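A short write-up of the structure that comes next.
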Amino acid sequence: MKNNFLKVKRMHLFTKVNAIIVPFNKWYRVWLMVFALIGILSCDRSTDDESIVAAPSNLSVSSVVVGTDDSNPNGDGSGKVDFTISATDATSYEVEINNETIELTQTTFSYIFTNGGINDYSIKVTAFNSTGSTSITYSITVFVSSGGLQLVWSDEFDGNGAVDSAKWNYNTGGGGWGNNEEQTYTSDQSNVVIENGILKINAKKESAIATTYYFDELSLLDSGDNVVSVIENFEGVTPSLNEFDGATIQVIDNPNTSGENTTSKVVEFEKNVGASGNSGVWWDRSSAIDLSVNNKLSLKTWSPESGIVVRLKLENSANGSEFHLVDASTSVSNGWETLTYDFSGAPAYNYDRLVVFFDHGNTVANYTSARIKTEGLYDFTYGTVEVRAKLPASQGTWPAIWLLGSNFGSVGWPTCGEIDIMEQVGWNKNKVLGTCHWSNNGSYAGFGLEASVSNSTSSFHIYKLEWTEGSIKISVDDTEYFEMTTNNSMPFNKDFFFILNVALGGNLGGTIDPNFTQDTMEVDYVRVYQ
């Protein structure tokens, strides 16, 4: 009975399955079409997936410990390490190093370790993109020989572009800088720039040319700008003209009588190559100009271009501190025009001297360079300074790495004091100088020594200052060649600031090579330890 019952059950089940299979067969072709469509869509989606960027891969790190050689397998003691990161499809990086986190978009960076002695460091580097991240750990051993000193300030000049405005500002202009120098300092990146982690101060020869201007007929005007009297027109007996700061002056026949000025004689004002922004001409009168009623003046001028500042200065010949000056700008090029000056604000001085400046404030630079300083941004008293630099090779270049007393603006030089960590004359590129300057009871005092560095222009060297309360020591590559004992009567117990520059010509630059075009001082870093 039991077997018959199971047989009936199986037959009943088979009948139900048949009932299901029959309608399924009816839709079989429809389902095939659906599955085929899904397959096509899947293929399309997999094609799109191929354009999705994978997480970064192939991440690696390499390093160069500065100064590594057979004798110094862990570096020269500076603690500086240059790192390079490599990864596929990475857009940014994060570096965990010595309990610091550094975020980067570039693949190179430098780091200074300051813990004295030989130490092992574990560095974690993570590469990122929009999809994800990849990390690795890198180990390095570094030697630091700072002898217990700690790095308190530095500029490694990493990256590219202008110097860090939080650390450096600029001296600009020409005028000889008290040393008969021939360059004009600028803040332009053609003269001072960071390139691939190196500061470059570029001294260059420019294509400057002398520029000629003319002026004539200085007149006193009333309030309606009508001429009351002609003060000077340079006809007949002319005053004694005195040129200064690079101007050349002479009275000549008017080269253009067809315009606004038809007089026969005019003053030719030539601003020569190397002329400073204050170049000009002055002359004295037998009687002072009376501004008590009418206090406007006019001057006829000729300029090769518009927008040139023409400064007119009235001065007391007996007291140079009593003066008043007014600026006006040309609006006509290659033609005469009349400029008007309002002296209504002039104090009641004895104005018997007149001074004229063309293109005031602009130096006609035959050479340009740069001078950067930390004045107002960073100064310090005592410490160890290290500057790694390569010097220019051209005759006439005068590179310097030095400190100036922070009270320079109030007491002047040499009272403020000066410490030259490195100077090099323009005629001997195989030596460097270490020098101190100061004032001894109101008189100049100085002490300097020199060291031989035969490859100063082809290789980097470390120029070092060790400045304590009682002494100043200067060395090159840890070879000391200068030592001076100091005391409280000298200015070397106060704050000083950094200056880096390349001068041309002058007292220590000497004769500039006539074929000179450009040369560079390169600086890898500036560091202060205390």
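The values are calculated or read from the model by the stated rules, or taken from the named source; none is laboratory data. None of the values given here were measured: they were computed from a predicted structure. Neighbour counts are summed over all protein chains in view; Cβ atoms, including those assigned to glycine, are modelled from backbone coordinates with ideal geometry.
Tell me which residues, restricted to region 266-304, are β-branched (Val, Ile, Thr), assigned to a loop (DSSP other than H, G, I, E, B) and either under 15 Å from Asn334 (Cα atoms) or in contact (Cβ under 8 Å) with a residue 12 or more places away in the chain (or both).
Of everything in region 266-304, those that are β-branched (Val, Ile, Thr), assigned to a loop (DSSP other than H, G, I, E, B) and either under 15 Å from Asn334 (Cα atoms) or in contact (Cβ under 8 Å) with a residue 12 or more places away in the chain (or both) turn out to be Val273, Ile289.
Which residues, taken from region 487-519, are closer than 22 Å to Arg388 by Cα and surrounded by 22 or more Cβ atoms within 10 Å (Cβ to Cβ)?
Phe496, Phe498, Leu500, Asn501, Val502, Ala503, Leu504, Gly509, Asp519
Within region 447-486, take every residue that is in contact (Cβ under 8 Å) with a residue 40 or more places away in the chain and within 21 Å of Asn72 (Cα to Cα) and give me the one that is surrounded by the most Cβ atoms within 10 Å (Cβ to Cβ).
Within region 447-486, the match that is surrounded by the most Cβ atoms within 10 Å (Cβ to Cβ) is Tyr463.
I need a count of the residues in region 487-503 that are touching a Gly at 6+ places or on another chain (Cβ under 9 Å) and farther than 16 Å from Thr457 by Cα.
Adding up the residues that qualify gives 8.
Checking Gly178 against (1) closer than 23 Å to Ala503 by Cβ; (2) of a type outside the set (Lys, Arg); (3) surrounded by 13 or more Cβ atoms within 10 Å (Cβ to Cβ), which single condition isn't satisfied?
Just one mismatch for Gly178, condition (3).
Determine whether region 86-108 contains at least one residue that is farther than 29 Å from Val53 by Cβ, among the polar types (S, T, N, Q) and either in contact (Cβ under 8 Å) with a residue 60 or more places away in the chain or part of a strand (DSSP E or B) (or both).
Checked against the condition, which is being farther than 29 Å from Val53 by Cβ, among the polar types (S, T, N, Q) and either in contact (Cβ under 8 Å) with a residue 60 or more places away in the chain or part of a strand (DSSP E or B) (or both), region 86-108 yields no hits at all.
Taking Asn256, is it in a loop (DSSP other than H, G, I, E, B) and either of a type in the set (Asp, Glu) or farther than 18 Å from Leu312 by Cβ (or both)?
Answer is yes for this residue.
Taking into account only those residues within region 181-227 that are polar (S, T, N, Q) and closer than 30 Å to Asn256 by Cβ, which is nearest to the chain's Cα centre (by Cα)?
Ser207
Filter region 163-173 down to the residues that are closer than 30 Å to Asp245 by Cβ and assigned to a loop (DSSP other than H, G, I, E, B), then identify the one that is modelled with the lowest pLDDT.
Step by step, filter region 163-173, then rank; the result is Thr172.
Being surrounded by 14 or more Cβ atoms within 10 Å (Cβ to Cβ) and assigned to a loop (DSSP other than H, G, I, E, B) is the filter here, so list the residues in region 305-319 that pass it.
Correct list: Ile308, Ser317.
Does region 150-161 contain any residue that is of a type in the set (Ser, Thr, Tyr), surrounded by 14 or more Cβ atoms within 10 Å (Cβ to Cβ), part of a strand (DSSP E or B) and over 11 Å from the mean Cα position of the chain (by Cα)?
yes
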